[in-house]
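> Pasting a structure here, questions to come.
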Amino acid sequence: MSTVPDGKKLVRSPSGLRMVPENGAFNSPFSLNEPQWVPDKEHHCRRCGRCFCDKCCSKKVALPRMCFVDPVRQCGECSLVSQKEMDFYDKQLKVLMGGGSFIVTLGTSKTSETMMCRLSNNHRYLFFDGESHFEVELSRISSMQVLTEESTPEGGNSRASGMLLHYKPTGSQDPQQLRMEAADDKKTASSWLAAMHKAAKLLYEARDR
């Protein structure tokens, strides 16, 4: 499954040039489908598909969730959302693909293993590498809960210390639980978990659409 190369192709849509996977089955789980629209004299927002006058739809903003090569015209509301998402694509995706070290427990097992967890380059899998190796497909994650702990003995701000995932392994309909807790490098693990929390929001939004 995850070893199949993800080739890309350049396609021209009515809204602009897009770099998309050759096989649609390998779309990033964070991606959004391009909205349907009918060309007319008004301008349309490439993200929501609604029509606006030139003044209300004049901004051109990057839209990586729809694989556009160049910044595209968006309405005021959508351009703000897309600009906020760029922080995820510019910074947090790199954190996720860089990985973090976690103590991983599967199901109700009493044994745990220290593993490096990272997001695959095509954004579709979480890779877990230690003495053993396994993968979790993001599209098969049903719930994701961030675990926190106090950052100082005196209390104050809490920081992410772990994550509880529920997912269905590939080829199975039986749900599985996975618990991740930060290993030695807690700062890197906390940054990875914060980025994964943001990824979960985009993942659920893409599913709802």
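> At 0.36 nm per residue, and after removing the present C-alpha to C-alpha distance, how many nm does the segment from A194 to H133 gain when stretched out fully?
Between A194 and H133, full extension yields an extra 19.6 nm.
> State the extension gain, in nm to one decimal, for the chain segment bounded by D70 and N33, taking 0.36 nm per residue of separation less the distance between their alpha-carbons.
11.7 nm
> Round to the nearest 10 and report in Å² the accessible area of H133, as given by a 1.4 Å probe over the protein chains' heavy atoms.
100
> Set Lys and Arg Cβ to +1 and Asp and Glu Cβ to -1, take the dipole of the range 6-81 about its Cα centre, and tell me which of L17, S79, G49 lies farthest positive.
Among L17, S79, G49, the one farthest towards the positive end of the dipole of the range 6-81 is S79.
> Nearest 0.05, what FRET efficiency do E42 and M97 give at R0 = 35 Å with Cβ-Cβ as r?
Computed FRET efficiency for E42 and M97: 0.30.
> For labels at S142 and L17 in the simple 7 Å Cα→Cβ model, what's the distance in nm?
4.4
> Kindly state, to the nearest 0.05, the FRET efficiency for C51 paired with L80, given R0 = 25 Å and r defined as their beta-carbon distance.
0.85
> Only four residue types carry charge here, +1 at the Cβ of Lys and Arg and -1 at the Cβ of Asp and Glu. Report the dipole size of the range 8-144 about the Cα centre in Debye, rounded to the nearest 20.
Charge dipole, the range 8-144, about its Cα centre: 500 debye, nearest 20.
> Using a 1.4 angstrom probe on heavy atoms only, work out the carbon and sulfur share of the accessible area of the range 32-103 in %.
With neighbouring chains kept in place, the figure for the range 32-103 is 55 percent.
> In whole Hz, with x marking every Gly and Pro, tabulate ³J(HN,Hα) for the range 92-102 from phi via Karplus 6.51 cos²θ - 1.76 cosθ + 1.60, θ = phi - 60°.
Karplus values, whole Hz, x for Gly and Pro: 6, 4, 5, 4, 5, 6, x, x, x, 9, 9.
> Can you bin the range 100-141 into rounded, prolate or oblate? Criterion: square roots of the alpha carbon gyration tensor eigenvalues sorted a ≥ b ≥ c, rounded for a/c under 1.5, prolate for a/b above b/c, oblate for the rest.
oblate
> Measure up K8/K59; K84/K201; K60/K84 against 18 Å on the Cα-Cα distance and list the ones that go over.
The answer is K8/K59.
> Can you give the helix-only mean residue ellipticity at 222 nm for the chain, where every DSSP H stretch with n ≥ 4 adds -39500 (n - 2.57) and the sum goes over all residues, rounded to the nearest 500 deg cm²/dmol?
-6500 deg cm²/dmol
> What does the charge count near L126 come to, summing +1 for each Lys or Arg and -1 for each Asp or Glu among other residues with Cβ under 14 Å from its Cβ?
+2
> Keeping every protein chain present and rolling a 1.4 Å probe, give me the accessible area per residue for the range 65-126 in Å².
48
The values are calculated or read from the model by the stated rules, or taken from the named source; none is laboratory data. Worth saying up front: this structure is predicted, and the values here are computed from it rather than measured. Every residue, glycine among them, receives a Cβ derived from its backbone with ideal geometry; neighbour counts consider all protein chains shown. Surface accessibility is based on the protein's heavy atoms, side chains included, excluding ligands, DNA and RNA. Shrake-Rupley method; radii C 1.70, N 1.55, O 1.52, S 1.80 Å.
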